[in-house]
1. Looking at the range 87-137 only, could you name the residues that are without any contact (Cβ under 8 Å) to a residue 12 or more places away in the chain and either in contact with a Lys or Arg (Cβ under 6 Å, 6 or more places away or on another chain) or under 23 Å from residue 194 (Cβ atoms) (or both)?
2. Return yes or no: is residue 210 within 12 Å of the ligand (Cβ to nearest atom) and surrounded by fewer than 20 Cβ atoms within 10 Å (Cβ to Cβ)?
3. Test residue 179 against the criterion of being surrounded by fewer than 17 Cβ atoms within 10 Å (Cβ to Cβ) and either in contact with a Phe, Trp or Tyr (Cβ under 6 Å, 6 or more places away or on another chain) or of a type in the set (Phe, Trp, Tyr) (or both), and give yes or no.
4. Being near the ligand (Cβ under 10 Å from one of its atoms), buried (at least 17 other Cβ atoms within 10 Å of the Cβ) and either small (Gly, Ala, Ser) or in contact (Cβ under 8 Å) with a residue 60 or more places away in the chain (or both) narrows it down to one of 218, 245, so name that one.
5. Which residue is farthest from residue 180 (Cα to Cα), if the candidates are limited to the range 111-139 and must be in contact with an Asp or Glu (Cβ under 9 Å, 6 or more places away or on another chain) and away from the ligand (no atom under 16 Å from the Cβ)?
6. Does residue 200 meet the test of being within 18 Å of the chain's Cα centre (by Cα) and at positive phi?
Amino acid sequence: MMSDKPDFDAGADVVRLADLIGKSRQIVAFTGAGISTESGIPDFRSPGGIWDRNQPIQFQDFLADGEARRETWRRGLETYPVVAAAQPNAAHLALVELERRGQLTAVVTQNIDGLHHRAGHDPERVVELHGNAHGVRCLMCDMLSAREAVHARVVAGEPEPACTDCGGILKPTTISFGEGMPRPAMVRADRAMRQADLVLVVGSSLVVYPAAGLPLIGVQSGARLAILNQAPTPLDDQADLVIQGRAGEVLPAAVARSAELG
Ligand code: NAD
């Protein structure tokens with residue numbers, strides 16, 4: 001039976017992406033929430049997700065307002081177990097395969113789910129721009145603890161768990177709206193982009209700045225740009241290749257095909 005988008009097109013997309021990958025030796029992947037939807041974690045900008053119902057809590061509100069902090073931990077009761085249980089999908093694993101082949105120099109991610117690490121990358125190659133949901137830090141004494149342990153305290157009935165060491169305010173090690181970007185991560189991401197020969201965007205709407213500006217740094221430094229995202233992005237007209245498809249289907253197929261071409 002004929003579908004709206006014939007199989008031939010999907011195949012041609014895969015071949016074009018495989019060709020770009022095959023030509024490249026310094027690939028930098030730039031990933032967003034869309035690479036993890038097939039692992040069961042909803043993104044922000046597709047309708048119907050957990051985050052769809054909630055406005056983000058600004059960093060200043062988190063600092064100033066106990067109710068904003070309690071709301072953060074309340075939301076975590078619903079969202080953290082989803083992230084904690086998620087497993088890397090075929091798209092995450094395809095990027096690990098590119099690293100094993102010596103073609104991928106970095107994964108710059110907006111995601112906080114830790115799935116690139118879990119998929120098996122060299123940790124040095126993963127740059128988490130917005131932090132990670134698996135840790136909690138005391139804003140007073142800087143003590144780092146596992147999210148799992150703090151989450152268990154919230155589940156047990158503490159609405160706003162405090163630092164066990166100094167009594168200070170605890171915050172998940174994710175970057176909130178209104179909070180400064182982590183400088184070391186931005187510096188590493190910037191350097192990787194400048195050295196890239198292919199920037200491969202996977203599952204990002206490319207609207208959250210300053211992170212979304214990073215692929216452009218790669219392009220301005222001479223890299224090709226390929227965008228694999230289900231919806232259009234503001235950088236589509238700058239890209240050498242745009243594929244509107246599912247990351248977990250297109251990327252593994254293109255990575256496998258590029259090995260055949262090579
Ligand atoms: P976004 O929600 O703005 O955009 C995700 C994009 O992925 C959308 O354009 C959507 O069309 C596309 N998409 C969804 N499923 C896809 C699939 N299977 N294959 C290909 N494309 C797919 O996400 P963003 O650009 O990462 O920015 C939003 C912010 O949300 C980020 O700062 C990020 O930290 C945070 N966030 C992270 C997670 C996570 O860690 N998994 C989840 C939700 C939100």
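Each reported figure results from applying straightforward, stated rules to the coordinates on display, with no laboratory input. The model shown is predicted, which means the values in this text are computed figures rather than measured ones. Counting neighbours? That spans all protein chains shown, and the Cβs are built from the backbone with ideal geometry, glycine included.
1. Result: 123, 124.
2. Yes.
3. Here the answer is yes, as residue 179 does meet what is asked.
4. Values: 218 fails: near the ligand (Cβ under 10 Å from one of its atoms).
Every option except 245 fails the conditions.
5. It comes out as 120.
6. When the stated conditions are applied, residue 200 does not pass them.
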